[in-house]
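The values are calculated or read from the model by the stated rules, or taken from the named source; none is laboratory data. In this text the structure is predicted, and so the values were computed from the model without any measurement. Cβ placement follows ideal geometry from the backbone for every residue including glycine, while neighbour counts extend to all protein chains displayed.
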Amino acid sequence: MKAIICTKYGSADYLELQDVPKPTPKNNEVLIKMHATSVTTSDVLMQALNANLMFKIIIQIAMGFGKPRNPILGMVGAGKVESVGKDVTAFKPGDSVFAYGSISMSKIRWRFYGEYMCLPEDWNIAHKPEALTFEEATAIPYGTLLAMHVMEKAIIQPGQKVLIYGASGSIGTMAVQLAKHAGAEVTAVCSNRNFDMVTSLGADKVIDYTHDGAVAQLERYDWVLDTVGNTKTSPLNDASKTSLAANGQYLSVDKGMPTTNHDKFLRVKELAELGVLKPIIDRCYSLEEMVEAHKYVETGHKRGNVIVTIGT
């Protein structure tokens, strides 16, 4: 099968399309013929190893020094079940599924950047929502699960004011929709080119973080949700941390380790099926264009998700 191999940490140019052995499912595993995957910020971070020294060391302890010991990256995707192990009962060949390769920090399986992928049936894999294409289904889990992580301690009540910093990214677009679903008055922070998009997702107000008068537009919020974290900052981001109403709280994607258990994954599927979550796709690339896809995500200006289609 064809897959993208990360031959070395650093430049996206170190990603190469190669022929590798097709995986064989174990007794409890599902073999998926992939139709789409996504280039997430996490994929780019792992590939580029663009982080402070301590984080670089942690990543390499977990993934390998010099290059990943499991060189096929990618942590989310959708496709059709090709075959199943003898103990699998929840899926059968021909089923359309979507999947997320992380359950916890100790249970992570990358390898979505290829034509075939194996996952245990009790991991984060589920039947694809019928109304969504493979590309749209791929665009749902990563941002939603991390938005849920940011909002884990935010018990949002109808009418409360919520500020979402980084509202146009894969996490932010889902946070806007989740906050609006909870009945909040949502203020979205992004660049002005994304105002129409976040408004279409339910944002009531918008603030352009690049505008000179952005800080003066801040109000007092019951919840400030930072979906960007320490990777980027701005005067508005700094000011938002203290723009809190009485008993208001600031929550960041950097706080704590995300938990992505199967119950949460099934909740993501449910919300997608109910139409609560609208997938946002910025650009689509082919597997052969993976280097260009990574370089685009590296710019830090993608809107929602960048999808890579695999075969037909």
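Residue-by-condition table, conditions (1) surrounded by 15 or more Cβ atoms within 10 Å (Cβ to Cβ); (2) touching a residue at least 12 places away in the same chain (Cβ under 8 Å); (3) not assigned by TED's automatic domain parsing to the domain that holds GLY169:
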| site | (1), (2), (3) |
| --- | --- |
| VAL215 | yes, yes, no |
| LEU218 | yes, yes, no |
| LEU225 | yes, yes, no |
| ASP238 | no, no, no |
| ASN247 | no, yes, no |
| LYS264 | yes, yes, yes |
| HIS294 | yes, yes, yes |
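Can you tell me which residue within region 68-94, out of those that are under 23 Å from the mean Cα position of the chain (by Cα) and assigned to a loop (DSSP other than H, G, I, E, B), is farthest from THR24 (Cα to Cα)? Result: PRO68. Checking each residue in region 277-291 for being surrounded by fewer than 14 Cβ atoms within 10 Å (Cβ to Cβ) and either in contact (Cβ under 8 Å) with a residue 60 or more places away in the chain or touching a helix residue (DSSP H, G or I) at 6+ places or on another chain (Cβ under 8 Å) (or both) picks out only GLU288.
Among the criteria (1) modelled with pLDDT of 95 or more; (2) part of a loop (DSSP other than H, G, I, E, B), the one ARG111 does not fulfil is (1).
Of all residues in region 4-63, those that are under 22 Å from the mean Cα position of the chain (by Cα), without any contact (Cβ under 8 Å) to a residue 40 or more places away in the chain and in a strand (DSSP E or B) total 0.
In region 182-248, counting only strands (runs of 3 or more DSSP E) that sit wholly within it, the ones holding 1 or more residues that are at pLDDT 95 or above and of a type in the set (Gly, Ala, Ser) span 185-190. Just one residue in the set ALA137, ALA179, ALA154 is over 26 Å from ALA90 (Cα atoms) and assigned to a helix (DSSP H, G or I); that residue is ALA179.
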